[in-house]
Amino acid sequence: MFKISKSDYVLGVKCPNAIWFKKFRKDLQQELNTAVLEQGTAVGELACSRYPGGIRIDAMPWEQAAHTQTIRAINANAPYIYEATLGTKAGEYCAVDILQNNNDGTWDIIEVKSTTKPHDYHYLDVSFQRYVFTQCGINIRNCKILTLNPEYVRHGDLDIQELFVEHDVTADLQDENIVATEIARIRTVLNGPELGIAIAKTKCNKFYECGYKCHCWRNIPSYSVFDAFKGALADEIYAAYGANLANVPADLRDKQMHAGDIEAFLNDTETINTDVLREFTDQLKWPLYFLDYESIMSAIPMFDNSKPYQQICFQFSLHVQRSPGAGLEHYEYLHDTAGTDPRPRLIQKLIETIGDTGSVIVYNQAFEQGRNTEMAQAFPEYAEQLLAINDRMLDLLIPFRNRGMYRPCQNGSASIKQTLPAFVPEMSYANMGIHNGTEASEQFMDFMKGKQTPEQTAMMMQNLHEYCGQDTMAMVKLLDVVLETLKQ
Ligand code: SF4
């Protein structure tokens, strides 16, 4: 008899292959992201403090001791039971984050999620919990998902009541019969042989990107119908013609938003649209300031005047070119004091160096403009200057996104990680100590939490200087390519 946990249930509802792999192909398991796990644990512990005076079940959910402790706590009429754990005779088991005693013979399930709203798969998770506890004879009245409150702004000590928000999802859960049917289907899969792989963009990316894509998608070309077409249309075309774009009829290829990308790929040609490029360059005002931010974010706000998951800028790089053909100047700020808010000193340095005239060139302006707007709200004394920077912003992504220039090696993407190697192949992130914004953010967060040795911090600082500087230098070079193309 297979034991089925709540994560097994969610995975099995998403895809039968996935639950089969989880049980029988341990070699395909992806490493868990420890930073995400640690964050979930921290949020869970804080959430429990919102419901004080309860009993914690400390045995692991799959151990009989957890069930015994839970029954004992229920019989003791505890006001709350943290990690309350029960299992059915058939082998389904789960731990409930917080079981709340209604003191009338009924109990509420409170499931803590470190998101800012409930997601689809959270409802599956809680449906399974209600099923298991009901099967075990517990009278469940209401089910709630407790998330972080996206509107909460920290001022001083954390306000635990305001930091979280309860969502009553009782009426939105799967009923018991549906859960029982899904469990039976999962058990049939687990008792059978490996299934034939049936990939689909809408399934494999449903809820979250499936961790088994490295296996199931291993024969999909690096640029395929799944890159060129959106959602369900990609699945339809794949079912009819396979993943290779060469097999897709021309009339269907034209349905793609950037049909020229497919033709460029099939014919190995590049696209140049000088009207699109000129529309961008006509807006340039000298001097040019090339700006890039690096940021961290935390589920639990670390600093005053910040919200859950707010991006906190800790570094900027600024390359400046004062006139056409002039040499480059470079300015930067990298916060170097662990545990303190990087924003005040970063803002001051930015305002000192970015002047008050000339274009501020960024790549994907939604990010930098968003950060400036948030910093203007958090530090109103700098609001005027920060919002004035936004008014000067020009987004270098736009001429590439609008296919002013496109090369097949971009695989349908206009992100700077694709356009840079396509047009400036001598510049690469491959040999750098930090390769992308996620790595920058994770390492800096370790520094902020005091988790690094001095040697690690020194290395990280050097890598961050190089990485963020490369991002702005990449924009300088890409704009050069655009300007040179227009001269030809
Ligand atoms: S990659 Fe897709 S087909 Fe493979 S296990 Fe995941 S969801 Fe299922």
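Observations
- Those helices (runs of 4 or more DSSP H) of the stretch 1-103 in which 3 or more residues are more than 16 Å from the ligand (Cβ to nearest atom) occupy 34-49, 64-75.
- Positions within the stretch 26-51 being touching a residue at least 24 places away in the same chain (Cβ under 8 Å) and out of contact with any helix residue (DSSP H, G or I) (no Cβ under 7 Å at 6 or more places or on another chain), in sequence order: Gln29, Gln30, Gln39, Gly40, Ala42, Val43, Gly44, Ala47, Cys48, Tyr51
- Residue in the stretch 329-345 that is closer than 30 Å to Arg278 by Cβ, aliphatic (A, V, I, L, M) and not in a loop (DSSP other than H, G, I, E, B) present: no
- Among the residues making up the stretch 193-231, a single one is on the phi > 0 side of the Ramachandran plot and of a type outside the set (A, V, I, L, M, F, W, C): Gly231.
- Residues that are crowded, with 19+ Cβ neighbours inside 10 Å and either in a helix (DSSP H, G or I) or at pLDDT below 90 (or both), drawn from the stretch 237-251: Ile237, Tyr238, Leu245
- When we screen Thr134, Thr188 for residues that are free of Cβ contacts under 8 Å to residues at least 40 places away in the same chain and part of a helix (DSSP H, G or I), the only hit is Thr188.
- Residue in the stretch 386-406 that is in contact with a Ser or Thr (Cβ under 8 Å, 6 or more places away or on another chain), modelled with pLDDT of 95 or more and of a type in the set (Ser, Thr, Tyr) present: yes
- Candidate set: the stretch 150-208, residues that are more than 16 Å from the ligand (Cβ to nearest atom) and aromatic (Phe, Trp, Tyr); chosen: the one nearest to Ile4 (Cα to Cα): Phe164
- Those residues of the stretch 390-405 which are touching a residue at least 60 places away in the same chain (Cβ under 8 Å) and more than 27 Å from the chain's Cα centre (by Cα), in sequence order: Arg392, Gly404, Met405
- Some residue of the stretch 382-395 being out of contact with any helix residue (DSSP H, G or I) (no Cβ under 8 Å at 6 or more places or on another chain), surrounded by fewer than 17 Cβ atoms within 10 Å (Cβ to Cβ) and either in the same structural domain as Gly260 (by TED's automatic domain parsing) or within 30 Å of His258 (Cα to Cα) (or both): yes
- Any hit, the stretch 227-238, residues being touching a Pro at 6+ places or on another chain (Cβ under 7 Å) and either near the ligand (Cβ under 10 Å from one of its atoms) or not assigned by TED's automatic domain parsing to the domain that holds Ala414 (or both): no
The values are calculated or read from the model by the stated rules, or taken from the named source; none is laboratory data. All of these numbers come straight from a predicted model, not from anything done at the bench. FYI the Cβ positions are ideal-geometry reconstructions off the backbone, even for glycines, and counts take in every protein chain you see.
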